[in-house]
Amino acid sequence: MDILESIESPEDVKALPPEKLDELCAQLRQYLIMSVSKTGGHLASNLGVVELTVAIHRVFDTSKDRIVFDVGHQSYVHKLLTGRKERFATLRQFGGLSGFPKPSESIHDAFIAGHASTSVSAALGIARARTLTGGDYKVIAFIGDGALTGGLAFEGLSDAGESNEPMIIILNDNGMAINDSVGGIARYLSRQRMRPSYSAFKKGYRKLLARLPGGKAIYRFTHRVKTAIKEALLHCSMFEDMGLQYTGPIDGHNIKRLVEALEWAGRAEEPVVVHVITQKGKGYDFSERSPKEYHGVSPFDYREGVASDDSMTFSTVFGDEIVRMAEQDGRICAITASMSDGTGLEKFAGRFPERFFDVGIAEGHAVTMAAGMASGGAVPVFAVYSTFLQRSYDMLIHDAAIGGLHVVFAVDRAGLVRGDGETHHGLFDVAFLSSVPGMTIYSPSSYAELRDMLRSAVFKDKGPVAVRYPRGAEGVYAEGGSYASKVLRAGSDVTLVTYGSCVDAALEAAGRLEPEGVSVEIVKLGRICPLELDEVESSVRRTGRLLVLEECAENGSVGERVASALAGLAENITLLNTGSKFIPCGDVEDLRRYCGIDAAGVRSAIREQMGLATKAPYRAG
């Protein structure tokens, strides 16, 4: 019998006989493997929380009770059990299911999640709102051990412990974030994992005394004695120190034990931590052996596993170049926030372990630490995804920029990013980095430019410097050269200014327009802050029209700065970018089409400028 086929809502999960739950979990794992192998997505994290998610839906009613996921990439099982199985084939596709919780998608999704360490704070806020409005529902925060390396998690835990608000904090402990969990918290949790035998003994002892005459009184007495001795001689758990009730560790793949623990937590009238031990990638041999490799996957053959990908990307080029530079200069250090593989730093970590620092999911700390290193004479290079660098804006300004400290930011995944949607696109770094006084920003369009600009950032520039580049491989344009603006294609009718990953679309659009009698001059920028506009100004004086094409949000864009500087020179100015709205999930080409920044969109916009078209294509914003 296909049990999963019969599950259309959480009520169906509650109605299943207990003996059928393990079979449901097995079917969920098989479904996940088959489905994610076609769509791509976060596989290992979801395979690890199958039993835990089923147990949550056995105990709670998520149409009313509020479960807040941390990051949210482990919410696939939750989506399958809450009526979204029929749309699961659209996962992470344009117009399809989000790969993260999304309240607009389902009543069962309480809160948007895409970055780590946020769940406890958000859940506490929901719990306090419930108390203020007289609501009657449970509030659950679902957080991983990796997310506990982020400071925001501890701000939330500290406040939750003081609040006395009834809420449940499920700590999903698999010893990993994307990379292995690092630091003191990881060591602390590893010690906590040694306690299951004690927990089992305590449970059996309590049951035994409950059957004896006067047993409850004996238990209360011995419990008080134990507590007194423990407080006098031993250190209680970190969570109990914060004022949180704690239970665990619990086998995260034992549904019966999970249900018992969650039912107990649901009855508590105070904040409770339920510590659950899971195995990331469980149930699929390939992902069990290599959970890091199966954290986020592209479509693959589930029978053969994910093929090793040795293809060159901007990330691997960065990784190779930073190793070469570190061989020349012993001051160069590399920093990651639990993303060494994704950012291309694994070679550096192996070659220079004493100069490689994985700080865990703690981008703010990474930036301030880098500033400290720079003040001491080191040359720190922090490799970080654009979307995650947002988390350290204050530290970038206050700790690095005000002092003019030479910290280099290798900003990966700049621009649109496939599959992950609103929370993961790198569309805001152009604006927020450009707003920082003294900041230098490069945006290479090719591997050769990345190498040149990275060397300039490390060896020549002063103060904070960012080199931003997209995910994946370079396009048709593969030239090198300096950061100076340059004319890629001469023309007389329109000046098209662009940079970074948009160069190919600009060249293609110009090529399409040439047979139509439209001559487009393309000026490519290499350094986007501070801007050098001499080449652009000369071109606009000749053409009288300006179009700026870029893959970033409109507010604070390069286009706004160029248009402001040259407003009196051009009779017609058009800015093409991703607009002033959040961009959903999908393939990058679909999203560029949606925003009107692909070659077809550029062609249409120029035709409109020239009076050859009456209507521009629909674009975001």
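The values are calculated or read from the model by the stated rules, or taken from the named source; none is laboratory data. All values reported here derive from a predicted model rather than from experimental measurement. All Cβ positions, even for glycine, are placed from backbone atoms using ideal geometry, and neighbour counts span all protein chains on display. With ligands, DNA and RNA removed, areas are computed over all heavy atoms of the protein, side chains included. Shrake-Rupley method; radii C 1.70, N 1.55, O 1.52, S 1.80 Å.
Listed values, structure above:
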item: Considering only the chain, percent of DSSP beta bridges that pair antiparallel, nearest 5; result: 15
item: Degrees separating the helix 599-609 axis from the principal Cα axis of the chain, which is the longest one; result: 50
item: Long-range Cα-Cα pairs in the range 536-602 (distance over 13 Å), rounded percent; result: 63
item: Separation of the LEU16 and ARG455 label points, Cα + 7 Å toward Cβ, nm; result: 5.9
item: Convex hull volume of the chain per residue (C-alpha atoms, cubic angstrom); result: 178
item: Placed amide H near LEU427: partners under 5 Å, 5+ positions off or other chain; result: GLY415
item: Contour minus Cα-Cα distance for ALA565 and ILE218 (0.36 nm per residue); result: 116.7 nm
item: Antiparallel content of DSSP bridges confined to the range 439-523, in %, to 5; result: 20
item: Added length on full extension, which subtracts the Cα-Cα distance from 0.36 nm per residue, ALA307 to TYR477; result: 58.5 nm
item: Under the Karplus curve 6.51 cos²θ - 1.76 cosθ + 1.60, θ = phi - 60°, whole-Hz ³J(HN,Hα) for the range 421-438, x wherever Gly or Pro sits; result: x, 3, 7, 10, 5, x, 9, 10, 5, 4, 6, 6, 6, 5, 6, 8, x, x
item: Under 5 Å, built H, 5+ apart or other chain: amide partners of VAL379; result: ILE332, CYS333
item: Sparse-neighbourhood loop sites, GluC sites (Glu not before Pro) in the range 397-493 - DSSP loop, at most 14 other Cβ within 10 angstrom; result: GLU479
item: Computed helical MRE - 222 nm, the chain, DSSP H runs ≥ 4 contributing -39500 (n - 2.57), nearest 500; result: -11500 deg cm²/dmol
item: Shape parameters for the range 475-621, alpha-carbon atoms, Rg then Dmax in Å; result: 14.1, 40
item: Heavy-atom SASA rank of TYR76, TYR302, TYR594 (probe 1.4 Å, accessible area, largest first); result: TYR302, TYR594, TYR76
item: Centre separation in Å (Cα based) which lies between the range 350-385 and the range 133-158; result: 27
item: The chain: relative contact order in percent, alpha carbon pairs under 8 Å with at least 6 residues between; result: 11
item: Distant alpha-carbon pairs in the range 260-305 (separation over 11 angstrom), percent; result: 74
item: Karplus-derived 3J(HN,Hα), 6.51/-1.76/1.60, for each residue of the range 238-254, Hz, glycine and proline x; result: 4, 5, 5, 4, 7, x, 9, 5, 10, 9, x, x, 10, 5, x, 10, 10
item: Theoretical gain in end-to-end length, GLN30 to GLU532 [0.36 nm per residue, Cα-Cα removed]; result: 175.2 nm
item: Peptides 428-437, 141-150 ordered by average Cβ neighbours within 10 Å, highest first; result: 141-150, 428-437
item: Residue-normalised accessible area of the range 272-424, given per residue in Å² at a 1.4 Å probe; result: 37
item: Whole-Hz ³J(HN,Hα) from phi, Karplus 6.51 cos²θ - 1.76 cosθ + 1.60, for the range 79-88, glycine and proline x; result: 5, 5, 8, 10, x, 10, 5, 5, 9, 5
item: Amide H contacts of ILE169 (H built 1.01 Å from N, under 5 Å, at least 5 apart or other chain); result: ALA141, VAL272, VAL273, VAL274
item: Residue list for the range 467-500, given a label point 7 angstrom along the Cα-to-Cβ vector of LYS347 and an amide N cut-off under 17 Å; result: 472-474
item: Between the range 409-432 and the range 250-295, the alpha-carbon center distance in angstrom; result: 31
item: Loop-resident sites, the range 515-577, for GluC sites (Glu not before Pro), counting at most 14 other Cβ within 10 Å (DSSP); result: GLU532, GLU571
